[in-house]
Each structure stands twice: as C-alpha cells, then as structure tokens.
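The values are calculated or read from the model by the stated rules, or taken from the named source; none is laboratory data. What you see is a predicted model, and the numbers here were worked out from it, not measured in a lab. Cβ coordinates were reconstructed from backbone atoms using ideal geometry, including for glycine residues, and neighbour counts include every protein chain displayed. The protein model used for the area step is the full one, side chains on, heavy atoms only, and it has no ligands, DNA or RNA in it. Shrake-Rupley method; radii C 1.70, N 1.55, O 1.52, S 1.80 Å.
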Amino acid sequence: MSGWPWRSNAVRAAAIAAALLAPLAARLLAPITAEGAAQKQKVSSAPVTCATCHAKVVNDFAHAPMRHAMEPEGADPVLDANPDLRIEQRGYSYRIQTKDGKSTYTVSDGKETLTLPLRWHFGMRAQTWVLEKDGKFYEGLVSYFPGIHGLATTPGDDKIEPHTVAEAMGRELPVWETRDCFECHATGMKVGAVFTPEKLKPGLDCEHCHEGTAQHMADAQAGNFKTLPVSLKKMDAESVSGFCGQCHRSFDTVIRNGWHGPPFVRFAPYRLSLSRCFSGNDARISCLACHDPHQPVNHDTASYDKKCLACHSGSATVASVGAAEAAPKTCPVAKANCTSCHMQKVTLPTGNLQFTDHFIRIVKPGEAYPH
Amino acid sequence: MFSVPIPASATKDIFLRRDRKRACTRILLGMAAILFVFGVPVGAQAGAQFEDLAARAARARDAGNLTQAVELYQQATAAKPDWQEGWWYQGLLHYSANQYPPAIDAFTHLLELEPHAVPAMALRGLCEFETAAYDDALRDLDTAVVHGAASDPRNALILRVHLAQLLTRASRFQDALAQYSFFALGRVEDPDLDAGIGMAGMRTPGLVSDATAADRVVYEAAGRAGWQLLANNTMQADARFRELFTQYPTTRNLHFMYGYMLFPHDSAMALDQFQQELAVAPNNTAARGMLAFTLMIAGRYVEARAAAEQALTEEPGMAMAQIALGRALGETGEYARGEEMLKRVLTEDPKNPEVLMGLISIYSHTGRSEEARRERLAMAK
C-alpha cells in the first residue's frame, strides 16, 4: 500500500468505498449498458437481436449500401421506382416489368420470347439481376444504371455476342461465381452446403462481417460477455484491407486473377494498396479511417479532407521502419477537396458507371490509367 | 475453343487401337507439311544407284507394297545414311505395321540428323509407349507437344491421350488434367478418357490399362464428374461429385480431386473438399498441404498455420506448406520467422507470386511501406 499515491486516509477510505460499491452501482446501471440490456431482454423473453444492445449502429446500418447489397424480391426500391424498363440492343429487346411486387425479365428477338421471374436483385443503386433457368444461374446481360435511368449492358459482358434468345438473356455463371455473387451480396452462405439461394437473407447482416455474433448473443443472454466477436477495430490497415478485400477485392485477389485495367478500378482495397501513403501499420490509411461500413457512403469530398490532413498537415509524421520519422509532403495547390484531384473518378469502359480510384497519387495531366 | 468438330470414331480408334494405320495417316496428314522442311532433295545427294533405290522405294510405298518399300528404304539409307526422308518413311512404315522397335530405330536415326524433327519425335514417342519404354515416351511426347505437334486437332487426339496417361504415370497429375481438358473442351467423350481423368484427379500413378476392373469403375465415375468440370459444366459437375461422395463415402482422394479441380476457381469451395478429404483420409499429406495453402488463400491464417505445421511434420520439404506457413506466420504477428521462411522458398522459386505477396504483406504490416509499394507496383505491372 505504501507505494500507492494516497494523500490522506480520507481519500483512501473513499476509494475503498467506491470499490466496494462499484458492483452495486453496476447492477443499478445495468439497463443502460449493453450487458444490462441483454439481461433485461432475458427477463422480458422477447427475442434478442443485435439491435437489443446495439440499437444505434443497427439502425444506421439499415440505410448502408452493404445492407442493401441485395434487395429482397418484391420490395426493391429500384424496380418499384422504375416499373417498366426497356432497351433494344444487339438485335434483342429487353423489358423489366414490376407489378404487384413481382418483377420479370423478358428478352425477345421478335420471334422467340423468354420471360423469367426476377428474384435476386444485386445492388441498391446500379442493379444487376441473377436469373435461374433449368437449374442453372445466369447474370442478366442488361443491368439498371441510375446515371441513365435505364438499362444498358452489364459491366464485363460487353464483348458477348448472343446468337440466341437464351444467350441474350444472360451469361451462364459457373457454380463458384454464383456462390461468390451470393457470398458477398447476401447472408447465410454455408461452405460445403448445397447452394440454396432461397434460404439466404438478402444484403449483409451483422454476422457477415462480425463472425461469432450468434454465439455472442446466446452467451450474452446468459450473462457471459467474454465470447465477443472478433474486433475489426484492432486490425491494422493491411489486415483491414485484406478483410474488406474479401468482397471489395484485395491486392492479392487482383494479382491472383491477373486483372488489369480500368474495369478493376472499382476494387478499392487493391487500388489503395498501390498508393505511396498506404502503410499497413498506420491506422490513418485504413479503409475504416474514411469509411464507416454502418453508414451510407459520404459523397461530400470536403468531408474527407481531415483524413488527408491527418498526415499531410505539415506537422504530422509517418513512422517507417529503418528510417527517421518522416513528415509527409503538404499539398502546394490546395488544402481542401483533396480527393477531387488525388483520387480521380474513372468511368468504366461500358460508360455507365463511375468509380473513385483509391490509388491516391499526384495525377499528371494526360496520364494513362496506371496498372 | 475448338471449332473443328472431332468425330467420335477418331477417339475410338485411339482407344481401341482398331485401326492404327488410320490414326497414323491422320498424323501423317498433319505433319506432311513439316516433312518437307527437313526433307533433303534426293538428286542433290546421291548417285545413280541411290536414286534408283529411292525411286523404287517410293513406288513400292505408293503401290501399298509396304514390306518391299521398307527393304528398299533400308538399302537406300545404307547407301546414304544422311538421307532423312528415307529414315522418315522407314519409321512410318514400321509404325504402320506395328513394328515398333525398328520404327524407334529409324526415327532415332532421323532425329540424330535433324534434332528438331518434331513429327519424328512424336511418332517415336508413340512407338516407345507401345514398347513400354514409358519414360522415353514421356520425354518425346512432352517435347513434341510443347513444340506444336498437337496443334492440329487430328494429331492432338492421339498424342494428348498418350501424353496424359504418361503424365499420370509420372505423378504429374496437374499436367495430365491440362491435357485431358483438351478433350472435355472439345466435347470428346469416351469411357477410357473418363478413367484417365479419374486416375489423374485421384492421384493414382499409372496407365488406364493398369487399373483393376473394380478400381476402374470408380475412376470412370470420378472422371465423368471431372470431365464435366473441365468442360465448364460446373453445375452438372457439382451434382455428379456429390453423388459420388454419397456412393463412395470412404474412398480416398475423391474429395481431393474435386477440391483440386475447384482450387483455381474458388478457394472456399476447394477448402471444404480438402477438409472432407482429411476426414476420410487423415494421413493424406497432399490434402493437408492443399488445405494449408487454401486456408492461407482464404485469409484464415491461424488455421493455415496449424495445417501447414502438421503438413511439414509429415513432409518437411513441401513447398506449398512452407509458403502457407510463412504467410500465416507473417499474418499472425511473427514477422521475422515468416519473412525468413518465405525468403528461403524464394531462393528455390524466385518468382513465386504467393511468396512475393506474403513478403509484401510483412513489409506492409511492419511499416516498410516503400518496400511493399515497390514490390506491389512491380507485380501489378
């Protein structure tokens, strides 16, 4: 006790009292803590969900793009707002009709017509549909693009020259690509199980990223808060890049697949990792430094300035192994709207979608798209 | 991919060996153009006696008198040992008559004169196969196919089916499956092909003819499923493999086969198959190595590390497990050990992309961002 910085017996007595009273105080305050919320729920016997304890984040996530990575059949805001979409291209006419909560995808060459129900709607803004025919899955050859308020060729399918109505309907997906689509756009895929998309939940639920959520909820109901899901907050930037890259595509994934060129600009973790300022052990350049996955994407470029200035302010330093701490350069041109110059907007070759290139760099005029 | 339709009868010829001359003629047709490249004008080389022998040999050959033609070609090459055309026809005529040792001898003479005579190398390889000189046959057919002997679809069938079996016999299973994929993509179907694919997929060294009747049933069934996957009929392949797993729940290497064939396309699906394989055959070291590697690809580094360590205990030099362990160490905080292990593999395989990516990750985790970036940009290019 002699080593403790107690200045008087009175302070010591107060500290001891506080220590003794703390458990009681915790019990009294329990209803307003996560633990307490779960225990209260247990008493009320209502079903426990993530929102029981994490109401705000769950409510926020309800509007996030990842939650809407796939829209449920019959409640798709995109198709509800566009109940009759049409396009004619490459000798075929396409029509996406929505009526009474049911959507259909029709393709015709004027002689033969093929109509399939639309059940799997991928994306909350631009939208591509996965179709099923005779036990096989197809990626619809046309997609919806908000920029043109209509249909156009699905990205990546622009080189397909259909010869039949069936070919014009969509590109047959190999079994692994089908699973990949649903793995990243829905929740509930089980490795090794027979693929049954009907049993999946559209969009991403908490457990998609927070592995162990179900166990955590079950244990929490019994008052055990030790089996927490893996914390993503403790990951370094390199690991976060790999984690998000499972769907948004990491550097490794792009290299393994031999992908090159502008169509792959949409793979942000891969592009970010090419940046000079990307350092795997620096949290200021982690995906999570700029993006809260539970929130809608912020399109206000100025809102990201403080993230850039966290390093490029003139006073900040970056730690690098084997060298003295270096001060990152400050921009001689501007102190605001950094991303408008250093993170270019790149339009996909098909022309209907634009993505922010996360390869942060000094973009030279006339420079070709790098890598 | 292959726009030229391949008649089913062609495959039957190859497998059943009913009509070797027809198959031989196909090869001849495909290779005739090349023959002229190394053919030496007779008149420029020999005297009157040689020219007379050569002319008579050609007439006998054209008339279908093959025995006489062979004798005349032998006399002509005895008179002029550097007459390449003479050796070619001797070899070809012996091959047509199923006389493989003298055919090998003739093609060997020709290849000594013209080492780049790919058609002769291909035919010598087929003859060596027939005389059970399998190592020689593999060397010749492998080289011949690499140098374009199978670029003509008519030649491709007979050459690739032999080469695929030899590759399987030499335990080069991945290379064998690459040869078999030619048939699947060309929609060539045959029970012997299925058995060959099954043997390669199930990592059974040997020729199709080596299989016992009981084993062959399994190889054919597995090969049929594998054929569907190689033909890109992935849903059918998945269904067939699942049927197989029900039918043969304890058969070694069936899950491995499906996992191995899925691996280039989908690591998650492959991973499940390797796990199931190890449930069936816990001592399958190849499956454990693949499991470790696949877990690494899937980013499940803690599990990858355990699997890799066990695989290396069973087979210390397994490069795949070394890479998985090096990367897993780096991703679980043991940067120095991971880097050391990956750099050790790099000395054997300097351009291995998985090793390079593992090192990049360690550089990045440890703040060596310039090194990481330099390597990343080099790989991205």
Answer yes or no as to whether B:A279 is in a helix (DSSP H, G or I), within 14 Å of chain A (Cβ to nearest Cβ) and open to solvent by less than 40 Å² (accessible area, probe 1.4 Å). no
Could you list, in sequence order, all residues of the stretch B:156-165 that are closer than 10 Å to B:G196 by Cα, touching a residue at least 40 places away in the same chain (Cβ under 8 Å) and surrounded by 24 or more Cβ atoms within 10 Å (Cβ to Cβ)? B:Q165
Has the stretch B:286-298 got any residue that is touching a Lys or Arg at 6+ places or on another chain (Cβ under 8 Å), of a type in the set (G, A, S), open to solvent by 10 Å² or more (accessible area, probe 1.4 Å) and more than 14 Å from chain A (Cβ to nearest Cβ)? yes
Is it the case that B:T246 is open to solvent by 60 Å² or more (accessible area, probe 1.4 Å) and either away from chain A (no Cβ under 14 Å) or part of a helix (DSSP H, G or I) (or both)? yes
Of B:A270, B:A231, B:A222, B:A237, the only residue that is more than 14 Å from chain A (Cβ to nearest Cβ) and open to solvent by less than 10 Å² (accessible area, probe 1.4 Å) is B:A222
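Restricting to the stretch A:119-137, count the residues that are among the charged types (D, E, K, R) and over 24 Å from the mean Cα position of the chain (by Cα). Can you show your working first?
Restricting attention to the stretch A:119-137, the residues satisfying the condition of being among the charged types (D, E, K, R) are A:119, A:125, A:132-134, A:136.
From the residues that got through so far, the ones that are over 24 Å from the mean Cα position of the chain (by Cα) too are A:132-134, A:136.
Residues in the stretch A:119-137 being among the charged types (D, E, K, R) and over 24 Å from the mean Cα position of the chain (by Cα): 4 in total.
Would you say B:V208 is surrounded by 17 or more Cβ atoms within 10 Å (Cβ to Cβ), more than 23 Å from B:L291 (Cβ to Cβ) and of a type in the set (A, V, I, L, M, F, W, C)?
Working: surrounded by 17 or more Cβ atoms within 10 Å (Cβ to Cβ): yes; more than 23 Å from B:L291 (Cβ to Cβ): yes; of a type in the set (A, V, I, L, M, F, W, C): yes.
So B:V208 passes the test.
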Considering the stretch A:79-121, residues that are more than 23 Å from A:D180 (Cα to Cα) and aliphatic (A, V, I, L, M), and then whichever is most open to solvent (accessible area, probe 1.4 Å), we arrive at A:A81
Identify all residues within the stretch B:122-162 that are charged (D, E, K, R) and at pLDDT 95 or above; write none if there are none. B:R124, B:E128, B:E130, B:D135, B:D136, B:R139, B:D140, B:D142, B:R160
Would you point out the residue of the stretch A:197-217, among those that are part of a loop (DSSP other than H, G, I, E, B) and open to solvent by 50 Å² or more (accessible area, probe 1.4 Å), that is nearest to the other protein chains (Cβ to nearest Cβ)? A:E211
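Identify, please: which residue in the stretch A:264-311 is outside any helix (DSSP H, G or I) and of a type in the set (A, V, I, L, M, F, W, C) and is, among those, surrounded by the most Cβ atoms within 10 Å (Cβ to Cβ)? First the steps, then the outcome.
Step one: list which residues in the stretch A:264-311 are outside any helix (DSSP H, G or I), which gives A:267, A:274-282, A:286, A:291-300, A:310-311.
Narrowing the set further to residues that are of a type in the set (A, V, I, L, M, F, W, C) leaves A:267, A:274, A:277-278, A:297, A:310-311.
Working: A:F267: 21, A:L274: 21, A:C277: 19, A:F278: 25, A:V297: 13, A:A310: 15, A:C311: 18.
The selected residue is A:F278.
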Any chance the stretch A:326-338 includes a residue that's away from every other protein chain (no Cβ under 14 Å), open to solvent by less than 30 Å² (accessible area, probe 1.4 Å) and assigned to a helix (DSSP H, G or I)? yes
Tabulated pairs, the stretch A:170-186, first facing another protein chain (nearest Cβ under 9 Å), second in a helix (DSSP H, G or I) and hydroxyl-bearing (S, T, Y), C-beta under 6 angstrom, 6+ apart or interchain: A:P174/B:T234; A:V175/B:T234
Do we have any residue at all in the stretch B:326-342 that's out of contact with any Gly (no Cβ under 7 Å at 6 or more places or on another chain), basic (K, R), buried (at least 17 other Cβ atoms within 10 Å of the Cβ) and at negative phi? no
The condition from (1) under 23 Å from the mean Cα position of the chain (by Cα); (2) surrounded by 15 or more Cβ atoms within 10 Å (Cβ to Cβ); (3) of a type in the set (A, V, I, L, M, F, W, C) that A:A75 misses is numbered (2)
Of everything in the stretch B:345-374, what is open to solvent by 30 Å² or more (accessible area, probe 1.4 Å), within 12 Å of chain A (Cβ to nearest Cβ) and within 23 Å of B:T294 (Cα to Cα)? Give them in sequence order. B:P353, B:L356
Testing B:G333 on (1) under 18 Å from B:G317 (Cα atoms); (2) out of contact with any Lys or Arg (no Cβ under 9 Å at 6 or more places or on another chain), one condition comes back false. Which one is that? (1)
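Pick out the one residue from A:G258, A:G280 that is of a type in the set (G, A, S) and touching a Phe, Trp or Tyr at 6+ places or on another chain (Cβ under 9 Å).
Numbers: A:G258 fails: touching a Phe, Trp or Tyr at 6+ places or on another chain (Cβ under 9 Å).
Exactly one of A:G258, A:G280 is of a type in the set (G, A, S) and touching a Phe, Trp or Tyr at 6+ places or on another chain (Cβ under 9 Å), namely A:G280.
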